[in-house]
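> Handing you a structure now.
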Amino acid sequence: MSKITYQNGIKSFSCPIPITDYKNILLAHGSGGKLTNDLIRKVFLPQFRNNYLEALHDGAILPSLDGRQLTVSTDSFVVDPIFFPGGDIGSLAVHGTLNDIAMCGAQPLYLTVGFIIEEGLPMEDLWQIILSMEEAASAAGVQIVTGDTKVVDRGKCDRIFINTTGIGAVLPNIIIGAGQIQPDDQIIVSGDIARHGIAIMSVREGLEFESIIKSDSAALNGLVDTMIQSGEIHALRDPTRGGVSSALNELAEASGLGFVLQEESIPVHEQVRAACEILGLDPIYVANEGKLLAFVKSKDSERILKAMHQHPQGREAKIIGEVTRDHPGMVILNSRIGGTRVVDMLTGEQLPRIC
Amino acid sequence: MKYLDEYRDPEASQKYIDLIHKTISREWTIMEICGGQTHAIVKYGIDHLLPDKLTFVHGPGCPVCVTSQEIIDKAIAIAQEPDVIFTSFGDMMRVPGTQKDLLMVKSEGADVRMVYSPLDAVNLAIKHPNKEVVFFAVGFETTAPANAMAVNKAHISGVRNFSILSSHVLVPPAMEMILSSAENQVQGFLAAGHVCSVMGYNEYIPMAQRYKVPIVVTGFEPLDILQGTYMTIKQLEEGRYEVENQYARAVKREGNIPSQNLIRTIFQVTDRNWRGMGVIPASGLEIRPGYELYDAEKKFNVRDVEPVTNSECIAGVILRGRKKPTECPAFGKKCTPEHPLGAPMVSSEGACAAYYHYGNYRIKKDKRITEDLANE
């Protein structure tokens, strides 16, 4: 195995053997010829190894799911920087897509991956990204079953872009969606917010804090399993780009109901809050990559919360608000000092290329 | 968070809310100068917690909002010159000029970059000796020292490919203009704490006496604003008109002398055209003779373009405190943060953006939605 070290909170692997004869990615690595074949056999296959991928077919032939409904979701990842504290573009590309599957109340099973690589990307960087994709996928119990690689001229993309598509099987007897949200439902957030966006921003702007702010990038399917077993869940959403406020606004609009939040109960870690103050950002608009918002039946809420607290991804879960028939389509927040304001959708970009 | 949570404390806030309710006996109108204060008022819902007798009008203290369209057009013209890297704070990027905004010019291929400090722009100039790096120096007295320092740094280190486009404005002349207007309604001011941290508050003393208005130097956290409001109301009720300092943890009477000296070294006072308010004598800062090399207006021979302002935007009336954003017919309809007709809808300190973003116009004081919204 390769050696893992940490530098400024950014994971770094060193390659145990010279993985290929080339130190950097060449255009020819995407040509479909000998070098592409080398890349697949020496870099991708040994890490992602499974029966479906090993067939090296044009597509993966997957087993039947015994009548369970399928969920499919796709997402592209262009984050800059590609390595950041708490993760990298590889782990993010796995977590991001499988979380979208989990938010449909489904168990993520398979991933496909498409790489668009800029000519000149160090092989070492690609290797690190592949390793962390593999680590993230196997930890979440999903397999990478087919893929594609393209290499473009220098300057035509920024180092590496990754697309992943996930396939999942909907959990039996589960209906989760905005349409299921009921008045009096409690709104739970699975932990502290705004960490991913601030981690990326700190690296990009060279901000230094007493300790390094790490992205919260993580797989949420295990947490969702736990929650579903402990009570009635009506809707789930992972508040990624646009943060908690955008996710809640979308759901308020889709459900035709109103939400009321208590500012004081929204968990934000001290350093993240400090960074937000410095940068003039509101944490409820900042991206998360390992958090979920759950709308749960009021009488089940304490039980679900307790179960969440037992799970590594839900230790800091909190009830942050509730659903009301008043002010349909609007999210209202009771401020720390007792005033009230509307929480609107984010307009424009707060931070560029965070995922 | 130390030094911040104390100023957002619910109990202390309630104490001042109660004091204001007890003290106020008649209708008063006070103006908070700074856009940062406007945002705190709506963000924390302070306006919903205070008596109906008190009206806040929102002042001109949003540097982006008061930057004239001519200067924005000039910035856009300079950004389009070959071999220019045009740098600016993020806020200015989406403020509409006559034809375009800076983001549009960027999408067409101009090298426009967002920076967090003018010193970053100087460093860019050092890194790109074959390019001309221009920094859009907007702001009040608060940002002037940093911009002066950037020019000074370029001067000392012999960086010749750096310049600033100055649209610096000064607060006291604008306050004087509001007070001397026949239509003025403002009876007291929350002066801008950060401006005073640089300039001190000596210059407000004759103004308070001449116009018989209380002026309270005020900070930006909810408790600051509540305390500053209480101090202003108390003066009004007692018939006093003095300059008081609520923001003593940051502001000294004489201000920050080294910063003032730096400003005076690089800049000199000039007349300035304020968006929506017109030309105010001696209300701006321009680069002093001797430093012309760093003056983008002199370096680039960009001719004045006759600006066509949008007649539907009532930014001027709002910046003078004559109307509230919600009284504008275009507010939230034709004019939104995605499609702003004027700067106050763009800037993070703009009054229109604050009203729109925090949506308080959509909630009544009893926290229910206004009827017209329910009927939509």
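The values are calculated or read from the model by the stated rules, or taken from the named source; none is laboratory data. What you are looking at is a predicted structure, and each value in this text was computed from that prediction instead of being measured. FYI the Cβ positions are ideal-geometry reconstructions off the backbone, even for glycines, and counts take in every protein chain you see.
> Which of the residues that make up the stretch A:238-263 are under 14 Å from residue A:345 (Cα atoms), among the charged types (D, E, K, R) and touching a helix residue (DSSP H, G or I) at 6+ places or on another chain (Cβ under 8 Å)?
A:250, the sole residue that qualifies.
> How many residues does the stretch B:19-57 contain that are among the hydroxyl-bearing types (Ser, Thr, Tyr) and under 25 Å from the mean Cα position of the chain (by Cα)?
4
> Mind checking whether some residue in the stretch A:194-207 is within 22 Å of residue A:77 (Cβ to Cβ), part of a loop (DSSP other than H, G, I, E, B) and not small (Gly, Ala, Ser)?
The answer is no; no qualifying residue exists.
> Right, here's the next one. Residue A:254: of a type in the set (A, V, I, L, M, F, W, C) and touching a Ser or Thr at 6+ places or on another chain (Cβ under 6 Å), yes or no?
Here the answer is no, as residue A:254 does not meet what is asked.
> Does residue B:307 satisfy the condition of being away from chain A (no Cβ under 14 Å) and modelled with pLDDT of 85 or more?
Spelling it out, it is not the case that residue B:307 is away from chain A (no Cβ under 14 Å) and modelled with pLDDT of 85 or more.
> Taking the options A:266, A:213, A:284, name whichever one is over 18 Å from residue A:98 (Cβ atoms) and either within 13 Å of another protein chain (Cβ to nearest Cβ) or within 16 Å of the chain's Cα centre (by Cα) (or both).
A:284
Table: residues versus (1) in a strand (DSSP E or B); (2) closer than 30 Å to residue B:119 by Cβ.
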| position | (1), (2) |
| --- | --- |
| B:178 | no, no |
| B:197 | no, yes |
| B:203 | no, yes |
| B:217 | yes, yes |
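> On to the next question. Looking at (1) surrounded by fewer than 24 Cβ atoms within 10 Å (Cβ to Cβ); (2) within 14 Å of another protein chain (Cβ to nearest Cβ), which one does residue B:210 not meet, given that it meets all the others?
Every condition holds for residue B:210 apart from (2).
> Quick check on residue A:249: is it polar (S, T, N, Q) and away from every other protein chain (no Cβ under 14 Å)?
Considered against the rule, which asks whether it is polar (S, T, N, Q) and away from every other protein chain (no Cβ under 14 Å), residue A:249 comes out as no.
> So how many residues does the stretch B:98-156 have that are of a type in the set (A, V, I, L, M, F, W, C), in contact (Cβ under 8 Å) with a residue 60 or more places away in the chain and part of a helix (DSSP H, G or I)?
Number of matching residues: 5.
> Could you pull out the residue among B:93, B:114 that is of a type outside the set (D, E, K, R) and farther than 13 Å from residue B:343 by Cβ?
Unique residue meeting the criteria: B:114.
> Scan the stretch B:322-339 residue by residue and report those that are within 10 Å of another protein chain (Cβ to nearest Cβ) and either touching a Cys at 6+ places or on another chain (Cβ under 8 Å) or under 17 Å from residue B:39 (Cα atoms) (or both).
Across the stretch B:322-339, the qualifying residues are B:336, B:337.
> Residue under question is residue B:302, and the condition is that it be exposed (fewer than 14 other Cβ atoms within 10 Å of the Cβ) and at pLDDT below 95; does it hold?
No; evaluated as a whole, the condition is false for this residue.
> Mind checking which residues of the stretch B:40-70 are part of a helix (DSSP H, G or I), away from every other protein chain (no Cβ under 14 Å) and surrounded by fewer than 24 Cβ atoms within 10 Å (Cβ to Cβ)?
Those that are part of a helix (DSSP H, G or I), away from every other protein chain (no Cβ under 14 Å) and surrounded by fewer than 24 Cβ atoms within 10 Å (Cβ to Cβ): B:69, B:70.
> Would you check which residues across the stretch A:311-331 are at the interface with chain B (Cβ under 8 Å from one of its Cβ atoms) and touching a helix residue (DSSP H, G or I) at 6+ places or on another chain (Cβ under 9 Å) and list them?
Once the filter is applied, which keeps residues that are at the interface with chain B (Cβ under 8 Å from one of its Cβ atoms) and touching a helix residue (DSSP H, G or I) at 6+ places or on another chain (Cβ under 9 Å), the stretch A:311-331 yields A:327, A:330.
> Of all residues in the stretch A:196-224, which are of a type in the set (D, E, K, R) and within 14 Å of residue A:271 (Cα to Cα)?
A:208, A:210, A:214, A:216
> Right, something else. Scan the stretch B:20-33 for residues that are within 14 Å of chain A (Cβ to nearest Cβ) and crowded, with 16+ Cβ neighbours inside 10 Å and report the count.
Here the count works out to 1.
> Being among the aliphatic types (A, V, I, L, M) and assigned to a helix (DSSP H, G or I) is the filter; apply it to the stretch B:1-19 and report the residue that is farthest from the other protein chains (Cβ to nearest Cβ).
Looking at residues that are among the aliphatic types (A, V, I, L, M) and assigned to a helix (DSSP H, G or I), I get B:19.
> Still on this structure, I have one more. Here is a check on your reading of the model: is residue A:132 over 15 Å from the mean Cα position of the chain (by Cα) and over 20 Å from residue A:31 (Cα atoms)?
Considered against the rule, which asks whether it is over 15 Å from the mean Cα position of the chain (by Cα) and over 20 Å from residue A:31 (Cα atoms), residue A:132 comes out as no.
> So the check is Cβ under 8 Å with 6+ separation or different chains; which pairs have a first residue in the stretch B:24-41 that's more than 12 Å from residue B:55 (Cα to Cα) and a second one that's of a type in the set (S, T, N, Q) and part of a strand (DSSP E or B)?
Here the result reads B:37/B:218, each pair linking the stretch B:24-41 to a residue that is of a type in the set (S, T, N, Q) and part of a strand (DSSP E or B).
> Any chance the stretch A:301-308 includes a residue that's among the acidic types (Asp, Glu) and facing chain B (nearest Cβ under 10 Å)?
Taking every residue of the stretch A:301-308 in turn, none turns out to be among the acidic types (Asp, Glu) and facing chain B (nearest Cβ under 10 Å).
> Turning to a different aspect of this structure: State whether one or more residues within the stretch A:79-87 are crowded, with 23+ Cβ neighbours inside 10 Å and in contact with a Cys (Cβ under 6 Å, 6 or more places away or on another chain).
yes
> All but one of (1) touching an Asp or Glu at 6+ places or on another chain (Cβ under 8 Å); (2) closer than 17 Å to residue A:192 by Cβ hold for residue A:322, so report the exception by its number.
Unmet condition: (2).
> Can you go through B:266, B:205, B:233 and tell me which one is over 21 Å from the mean Cα position of the chain (by Cα), closer than 30 Å to residue B:151 by Cα and modelled with pLDDT of 95 or more?
B:266
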